[in-house]
Amino acid sequence: MDKDHPIEIIKPNLLLVEGKDDVGFFEGLIKHLDLNDIQIINVGSTSKYGDRLKAIRNSPNFKKIVISIGIVRDADTNSNAAFQSISGYLKSAKLPVPEKPLKPSKSTPQVTVMILPKEGESGMLEDLCLSSVISDSAFPCMEAYFQCLQEKGLSLPNKISKANVQVFLASRQKVGLSLGVAAKAKLWPFDDNAFDQVKTFLQMIKIPEHQLDATDRT
């Protein structure tokens, strides 16, 4: 689906994420928080945010339904660059641009951006999840596995955080789980304070319709 083909909008609060694991993670967390009226949209990759935002803007139901848009992106190596990238896509799509991450725009629809794992940090969703299980008894075993590879002179994976998640999840009874499936299976401890910031973000984008006047929409 590209910018010329509108996305079907069925809920007033939209959450745009990068891929399938992100979808599964946020489905699990949204259910844990008992939040309703949030529609998750899988963008597919970071480079597709521009087209997806334009497709949302062009949707026939956009002005009638949408009151809030949340956007999630991995910081990767530079959280500021990640935010500036999203800001550019929003501007190109003629949507409100927030001043900084986790600060909602003042225009309607409200737009809020979260750069993972946490504000001002480099990394990705995997790093956020791993930070929630540091006290898990399997965590040292995961670290020991990669230390063993290094001691044997073997190369470590390019995306070490993703590899760490796979090894950690291999310690659970059911094998072969992805990060997203593990989230829906409640294998990430959502009550851990590692998730406080992302939970605050979700509360920000969940806006009751009666709080915003449709006549103020962009």
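Measuring from centroid to centroid over Cα atoms, what is the spacing of region 129-164 and region 1-62 in Å?
Rounded to whole Å, the Cα centres lie 32 Å apart.
Given a Förster distance of 22 Å, report the FRET efficiency between residue 149 and residue 173 from their Cβ-Cβ distance, rounded to the nearest 0.05.
Step by step, r from the Cβ atoms, then E = 0.35.
What is the list of residues in region 9-30 whose amide nitrogen lies under 18 Å from a point 7 angstrom out from the Cα of residue 61, following Cα to Cβ?
9-17
Using a Förster distance of 25 Å, how high is the FRET efficiency between residue 196 and residue 103, based on the Cβ-Cβ distance and rounded to 0.05?
0.90
Which of 19, 93, 133 sits farthest toward the positive end of the charge dipole of the chain, with +1 on the Cβ of Lys and Arg and -1 on the Cβ of Asp and Glu?
So the residue we want is 93.
Grab the DSSP H runs of the chain that are 4 residues or longer, score each as -39,500 (n - 2.57), total them, divide by all residues and round the 222 nm result to the nearest 500 deg cm²/dmol.
Helix contribution divided over all residues of the chain: -11500 deg cm²/dmol.
Out of region 134-186, which trypsin sites (Lys or Arg not before Pro) are coil in DSSP terms and have no more than 15 other C-beta atoms within 10 Å?
152, 159, 172, 174, 186
Given +1 on the Cβ of Lys and Arg, -1 on the Cβ of Asp and Glu, and no further charges, what dipole in debye does region 125-184 carry about its Cα centre, rounded to the nearest 20?
260 debye
Could you pull out every whole DSSP H run in the chain that spans at least 30 Å of Cα extent along its own axis and averages 1.6 or higher on the Kyte-Doolittle scale?
none
What does the charge dipole of the chain about its Cα centre add up to, to the nearest 20 debye, if the Cβ of each Lys and Arg holds +1 and the Cβ of each Asp and Glu holds -1?
For the chain, the charge dipole is close to 620 debye.
Between rounded, prolate and oblate, where does region 125-184 land on the alpha carbon gyration tensor, with a ≥ b ≥ c its root eigenvalues, rounded for a/c under 1.5, else prolate if a/b exceeds b/c?
Prolate, because a/c is 1.5 or more and a/b exceeds b/c.
How about region 24-57: which trypsin sites (Lys or Arg not before Pro) there lie in a loop by DSSP and see at most 14 other Cβ atoms within 10 Å?
Hits after loop and neighbour filter: nothing returned.
Quick one: work out the % antiparallel among DSSP beta bridges in region 25-144, nearest 5.
10 percent
Provide the gained length on full extension for the span residue 36 to residue 91, in nm with one decimal, where the gain is 0.36 nm per separating residue minus the Cα-Cα distance.
Gain on extension, residue 36 to residue 91, equals 17.0 nm.
Suppose a student asked you for the relative contact order of the chain, using Cα pairs under 8 Å spaced at least 6 residues apart; what percent would you report?
25 percent
Taking only Cα atoms and a 10 Å spring cutoff, compute GNM fluctuations for the chain and point out the largest among 70, 153, 50.
Highest fluctuation among the options: 153.
Work out which GluC sites (Glu not before Pro) in the chain are exposed loop sites (DSSP not H, G, I, E or B, at most 12 other Cβ within 10 Å) and give the longest gap free of them.
100-218
Looking at (i) 18.3, 65; (ii) 18.3, 69; (iii) 17.1, 53, which value of Rg and Dmax of the Cα atoms in Å comes from a calculation on the structure shown?
Label of the calculated value: (i).
Coordinate-derived values only; no laboratory data. A quick note: this is a predicted structure, and the numbers were derived from the prediction, not measured. Note that we place each Cβ from the backbone using ideal geometry, even for glycine, and neighbour counts take in every protein chain shown.
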